[in-house]
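First the structure, in the form of structure tokens, and then the observations on it.
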Amino acid sequence: MSEHPQTIPQLLAATVAARADHQALGTIVDGKLSWRTWAEIDADVQRLAQAMLSADIQNGDRVIQVAANSYEWVIADLAIHVIGAVHVPLHVSLSEAQIVDHSGDSGAKLAFLSAEACENAANKLESLLKVVYYGKPANAEQYNGSSSVVSLNKFVESAPGDQTPTPPQANDMATLLYTSGTTGTPRGVMLSHDNIVTNTIATDGMIEGNPDDVRLGFLPLSHIYARTCDLYGWLHIGSKLALAESKETVVRDCQIVKPTVINGVPYFYQKIARLEGLREILGGNLKYCFCGGAAVAPEVQKLFTAQGLPLLPGYGLTESSPVVSISTLENYLPGTVGLPIPDVEVRINDSGEILVRGPNVMLGYWQNEEATNEVIIDGWLYTGDLGEFDEGGNLRIVGREKEIIVLMTGKNVSPTRVEQMLVASPLVELSCVVGDSRKCLGALIVPNEDALRKEIEKLDINVESHSQAVDHPRVIELFRQELARVQTDASHEEHVGPFLLLNRTFSAEEGEMTAKLSLRRKTIEANFASQIDAMYAS
């Protein structure tokens with residue numbers, strides 16, 4: 001073995017050898033936290049690995065998993081890697097048809113499904129592959145006696161447990177991730193063990209992670225951000241990782257776990273930024289709040305810093321495993337995404353696009369050489385993001401090349417930058433800026449219901465519901481004044497003209513947000529097409 005582990009199973013083996021009896025992975029059920037040790041985790045991983053070998057799952061075979069974060073999710077992930085198979089995690093928000101499509105496209109031989117996913121998709125999947133479910137599906141009885149759909153317990157108990165796996169090599173594919181980002185047709189991103197392990201080690205080195213860290217994981221592990229920065233960072237360092245009980249209980253779970261490190265997306269931090277006593281609300285022990293997945297508004301960063309909790313954004317994408325740059329306490333500067341991590345080169349080409357080269361760059365797109373050659377040229381990954389460096393070497397994201405809005409005047413505007421201005425208002429929870437081929441920008445705005453309710457009471461506006469409020473002339477005027485305030489320093493073309501207050505938030509179920517809560521602009525514009533036309537007409 002080399003000086004550093006080169007594969008995910010080697011990370012696991014090294015940590016188990018060093019910290020076998022230490023508490024490792026925590027789960028929360030009904031508000032109660034319990035821990036398992038590294039030795040207990042390893043034993044469960046090896047048992048599941050033997051069960052997969054007995055089911056004729058071999059090195060290089062693809063295995064899908066459709067589930068929310070759980071102990072079983074983590075064990076399945078590690079066991080898949082132990083036998084050298086390829087993990088294909090799918091987001092729980094995908095439709096049955098999408099799950100079936102990705103399963104067929106990947107050529108998967110086995111599927112791990114949570115109870116909910118089993119209820120929704122097992123009937124369609126069992127003709128394609130073997131299904132193993134965990135939890136208690138409502139329709140579990142129909143699979144009694146089935147050989148193609150079995151419970152996790154039955155699957156593991158049936159394994160003789162005496163086969164020797166073929167371990168993966170550094171350049172073997174570790175995971176296949178279907179991602180369309182914010183636009184486009186889904187593509188399978190192939191990441192190797194070397195991609196992930198080098199990215200994990202470099203990232204941990206930048207943040208000075210240590211075994212005393214306690215992480216609370218609440219981002220979906222089906223996304224590479226959570227896997228590299230929470231799961232594999234925990235695996236490499238040998239610290240503690242507790243899984244939030246649900247996305248609705250994150251603040252409560254911070255009180256229970258008292259983490260020292262959390263990774264979140266801008267939407268989470270934005271929701272809590274104006275709460276008093278943030279440090280205590282988040283458990284009282286936080287050293288680092290890291291942010292990724294999308295651009296965070298500098299105003300939100302300033303609100304965290306004012307309470308002694310610097311919000312440290314980074315930059316990355318699935319195709320780069322994902323981390324490219326990280327903010328640290330030493331180089332922290334609101335509005336930037338930090339310095340490139342070790343061994344990763346970043347440059348800006350003549351058109352302003354960010355190019356990345358290093359061991360973190362993907363193997364390519366699954367069965368799509370043409371698409372691979374479009375984005376990897378001479379070893380450089382063309383990210384599609386626009387950026388610039390400041391004098392201190394920090395990277396700043398200017399926008400996304402394909403999302404640039406071209407106004408009727410010919411002016412180019414980055415919607416991301418304008419949206420960051422708008423969410424600086426406590427009244428704005430989310431915004432989507434539109435205006436391609438229009439004479440000016442417009443915006444779809446999701447109001448912050450709590451902040452709006454307080455303003456309505458303060459101004460004594462007579463409304464009986466949220467839907468009435470967003471249509472009330474005085475509320476609309478309140479937002480008009482607020483948008484003008486937060487856009488004081490905007491250029492002429494960046495100013496929002498017409499806007500629409502929505503009576504619902506953007507929805508992942510409607511395809512309007514990605515799993516990491518980034519906006520899918522084209523879907524939003526299609527779903528609200530008639531309202532946008534009416535907004536400009538008025």
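The values are calculated or read from the model by the stated rules, or taken from the named source; none is laboratory data. As the structure is a prediction and not an experimental result, all values here were calculated from the model. Note: ideal-geometry Cβ built from the backbone for every residue, glycine included; neighbour counts use all protein chains shown.
Structure above, values below:
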quantity: Positions within the stretch 421-446 being under 21 Å from Lys402 (Cβ atoms) and either among the small types (Gly, Ala, Ser) or in the same structural domain as Gly335 (by TED's automatic domain parsing) (or both), in sequence order; calculated: Ser431, Gly435, Ser437, Gly442, Ala443
quantity: Among (1) assigned by TED's automatic domain parsing to the domain that holds Gln255; (2) without any contact (Cβ under 8 Å) to a residue 24 or more places away in the chain - the single one Asn210 does not satisfy; calculated: (2)
quantity: The stretch 428-438, residues that are crowded, with 22+ Cβ neighbours inside 10 Å and part of a loop (DSSP other than H, G, I, E, B); calculated: Gly435
quantity: The stretch 376-403: number of residues that are touching a helix residue (DSSP H, G or I) at 6+ places or on another chain (Cβ under 8 Å) and either charged (D, E, K, R) or not in a strand (DSSP E or B) (or both); calculated: 3
quantity: Arg480 being assigned to a helix (DSSP H, G or I), over 20 Å from Leu407 (Cβ atoms) and not aromatic (Phe, Trp, Tyr); calculated: yes
quantity: Conditions (1) assigned to a strand (DSSP E or B); (2) buried (at least 21 other Cβ atoms within 10 Å of the Cβ): number failed by Val475; calculated: (1)
quantity: The stretch 167-207 - residue that is out of contact with any helix residue (DSSP H, G or I) (no Cβ under 7 Å at 6 or more places or on another chain) and at pLDDT below 95 and, of those, nearest to Leu339 (Cα to Cα); calculated: Met206
quantity: From the options Lys154, Lys124, Lys136, residue that is in a loop (DSSP other than H, G, I, E, B), of a type in the set (D, E, K, R) and outside the structural domain of Thr514 (by TED's automatic domain parsing); calculated: Lys136
quantity: Which numbered condition Ser93 misses (of (1) modelled with pLDDT of 95 or more; (2) in a loop (DSSP other than H, G, I, E, B)); calculated: (1)
quantity: Pairs with Cβ under 9 Å, 6+ apart, first in the stretch 16-42 and loosely packed, with under 12 Cβ neighbours inside 10 Å, second of a type in the set (D, E, K, R) and not in a helix (DSSP H, G or I); calculated: Val29/Glu245; Asp30/Glu245; Gly31/Glu245
quantity: Unique residue being without any contact (Cβ under 8 Å) to a residue 40 or more places away in the chain, out of contact with any strand residue (DSSP E or B) (no Cβ under 8 Å at 6 or more places or on another chain), in the same structural domain as Val197 (by TED's automatic domain parsing) and in a loop (DSSP other than H, G, I, E, B) when the list is Glu276, Glu280; calculated: Glu276
quantity: Among (1) touching a Phe, Trp or Tyr at 6+ places or on another chain (Cβ under 7 Å); (2) surrounded by 23 or more Cβ atoms within 10 Å (Cβ to Cβ); (3) not polar (S, T, N, Q), the one test that Ala115 misses; calculated: (2)
quantity: Filter result (among the small types (Gly, Ala, Ser), under 23 Å from Ala68 (Cα atoms) and crowded, with 19+ Cβ neighbours inside 10 Å) within the stretch 243-290; calculated: Ala244, Gly264
quantity: The stretch 75-90, residues that are within 19 Å of Pro5 (Cα to Cα) and in a helix (DSSP H, G or I); calculated: Asp77, Leu78, Ala79, Ile80, His81, Val82
quantity: Members of the stretch 503-530 found to be under 20 Å from Glu403 (Cβ atoms), modelled with pLDDT of 90 or more and either surrounded by fewer than 13 Cβ atoms within 10 Å (Cβ to Cβ) or not aromatic (Phe, Trp, Tyr) (or both), listed by number; calculated: Glu512, Thr523, Ile524, Glu525, Ala526, Asn527, Ala529
quantity: Exclusive hit being crowded, with 18+ Cβ neighbours inside 10 Å, part of a loop (DSSP other than H, G, I, E, B) and either touching a residue at least 24 places away in the same chain (Cβ under 8 Å) or basic (Lys, Arg) (or both), set Gly293, Gly314, Gly308; calculated: Gly293
quantity: Scan of the stretch 196-248 for residues that are part of a helix (DSSP H, G or I), over 16 Å from the mean Cα position of the chain (by Cα) and among the hydrophobic types (A, V, I, L, M, F, W, C), ordered by number; calculated: Val197, Ile201, Ala202, Met206, Ile207, Trp234, Leu235, Ile237
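For (1) free of Cβ contacts under 8 Å to residues at least 40 places away in the same chain; (2) over 25 Å from Ile224 (Cα atoms); (3) of a type in the set (Val, Ile, Thr), each residue gets a yes or a no:
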site	(1), (2), (3)
Ser146	yes, yes, no
Val150	yes, yes, yes
Ala159	no, yes, no
Pro168	no, no, no
